[in-house]
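The values are calculated or read from the model by the stated rules, or taken from the named source; none is laboratory data. Here the structure is a predicted model, which is why all the values come from computation and not from measurement. A quick note on method: Cβ atoms are made from the backbone with ideal geometry, for glycine too, and the neighbour counts reach across all protein chains shown.
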Amino acid sequence: MSNINDNICGIIPVNKPQGWTSFDVVAKLRGILHIKRIGHSGTLDPMATGVLPVFVGKATRACDMLPVDSKSYLAGFKMGICTDTQDITGEVLETCDKLPSFEEIKETANGFLGDIMQLPPMYSAVKVDGKKLYQLARQGKTVERTPKPRRVEKITVREYDSTSGEGVLYAVVSKGTYVRTLINDIGEKLGCGGCMTSLDRLSAAGFVKAQCYTLEQIQQFADDGKLSQIIIPLQSVFSAHYDELTLGERAAEMYKNGVKLHGKQAGIKNAALSDGVTFMVCDSEDNFLGLAKYSAETDELISVRNFY
């Protein structure tokens, strides 16, 4: 593959189609954009749809450091059934005929609001001893896992049929939270079990679904030579969250080469006010260079992430 678009740098918010893995989306975009350097933030299961921020070019260095880490979802669920994957695609492990009422579902779901500890599911990309859990699960293995701190900012049961056990919930959760595990745990607490039947990510990394493009739309923009219209500059993602620091020509070159800058070199005039502040660093032509934190104690601008 020839990298004819190596100068592309930014984010394309993709509306991931059902049945595709996040890696499938990246592979498809490599073909559309003719560039190898592509990554994504926030893996989605194949059955899931919705917001998948895709990073292109040098922007891939920011995949793990976006300033907004909460995500929102609309998830279908079914009570009275447990599966090995915690969603409807898995093998049924147990069923229960006694289904909870709407009020019981709502009350139990509300009990998960706030800070929680969540056990990563076996069918997940979490690594234990260098191996992804889903790889072990497919071999029929179960390994000991450590619960992780997560946060549920909002959870609302929007629909529920106590006859079928089927419903829909809306949730806003922190990075790394598994919605299917949340549903599984709600079902477990109710004593009937539960699994996820559908998942649509409505927002992630500050992007909402209305901003996203389908793969077909992206292909059309590429065919028309208008990719620049849909690629969001990385700088715009950080500008609302960090103070901007503009470096002169010499200081910008030093920063790009990994040289630590003293406050005066970086143009920091008030060390007391700037101590501990993370800056969005740009050059005099407003090109985004990276993020850096200033330490008044050492009078140094220390790179947090350099995009060069």
Exercise. Give the residue, chosen from Val26, Val51, Val14, that is free of Cβ contacts under 8 Å to residues at least 40 places away in the same chain and either assigned by TED's automatic domain parsing to the domain that holds Ile88 or β-branched (Val, Ile, Thr) (or both).
Key: Val26
Self-check item: Positions within region 156-180 being closer than 17 Å to Gly114 by Cβ and either among the basic types (Lys, Arg) or surrounded by fewer than 19 Cβ atoms within 10 Å (Cβ to Cβ) (or both), in sequence order
Solution: Thr156, Tyr170, Val172, Ser174, Lys175, Gly176
Quiz item: Do the conditions hold for Ser198, that is, is it surrounded by fewer than 19 Cβ atoms within 10 Å (Cβ to Cβ) and outside any helix (DSSP H, G or I)?
Solution: yes
Quiz item: Can Arg180 be described as touching a Ser or Thr at 6+ places or on another chain (Cβ under 9 Å) and free of Cβ contacts under 8 Å to residues at least 60 places away in the same chain?
Solution: no
Exercise. Could you look through region 235-284, keep only residues that are among the β-branched types (Val, Ile, Thr) and buried (at least 17 other Cβ atoms within 10 Å of the Cβ), and pick out the one that is modelled with the lowest pLDDT?
Key: Val237
Exercise. Kindly list the number of the only condition in (1) under 23 Å from the mean Cα position of the chain (by Cα); (2) surrounded by 15 or more Cβ atoms within 10 Å (Cβ to Cβ) that fails for Gln217.
Key: (2)
Exercise. Looking at (1) touching a helix residue (DSSP H, G or I) at 6+ places or on another chain (Cβ under 6 Å); (2) among the acidic types (Asp, Glu); (3) exposed (fewer than 14 other Cβ atoms within 10 Å of the Cβ), find the lone condition where Asp299 falls short.
Key: (3)
Exercise. Provide a single number: the residues in region 114-155 that are surrounded by 13 or more Cβ atoms within 10 Å (Cβ to Cβ) and modelled with pLDDT of 75 or more.
Key: 12
Exercise. Residue by residue through region 30-47, note down the ones that are within 14 Å of Ala59 (Cα to Cα), assigned to a loop (DSSP other than H, G, I, E, B) and without any contact (Cβ under 8 Å) to a residue 40 or more places away in the chain.
Key: Ile35, Lys36, Arg37
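Could you grab me the full set of residues in region 55-79 that are modelled with pLDDT under 95 and assigned to a strand (DSSP E or B)?
Correct list: Phe55, Val56.
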Quiz prompt | Test for Ile35: is it among the β-branched types (Val, Ile, Thr), over 18 Å from Ala204 (Cβ atoms) and surrounded by 17 or more Cβ atoms within 10 Å (Cβ to Cβ) | solution = yes
Exercise. For Thr83, state whether it is over 30 Å from Ala210 (Cβ atoms), among the β-branched types (Val, Ile, Thr) and surrounded by fewer than 16 Cβ atoms within 10 Å (Cβ to Cβ).
Key: no
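Conditions tested, residue by residue: (1) under 20 Å from Val51 (Cα atoms); (2) outside the structural domain of Lys127 (by TED's automatic domain parsing).
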{"site": "Ser174", "(1), (2)": "yes, no"}
{"site": "Val179", "(1), (2)": "yes, no"}
{"site": "Ile183", "(1), (2)": "no, no"}
{"site": "Thr197", "(1), (2)": "yes, no"}
{"site": "Asp200", "(1), (2)": "yes, no"}
{"site": "Phe221", "(1), (2)": "yes, yes"}
{"site": "Gly225", "(1), (2)": "no, yes"}
{"site": "Gln229", "(1), (2)": "yes, yes"}
Self-check item: Single unsatisfied condition, Leu202 versus (1) more than 24 Å from Gly176 (Cα to Cα); (2) touching a residue at least 60 places away in the same chain (Cβ under 8 Å); (3) in contact with a strand residue (DSSP E or B) (Cβ under 9 Å, 6 or more places away or on another chain)
Solution: (1)
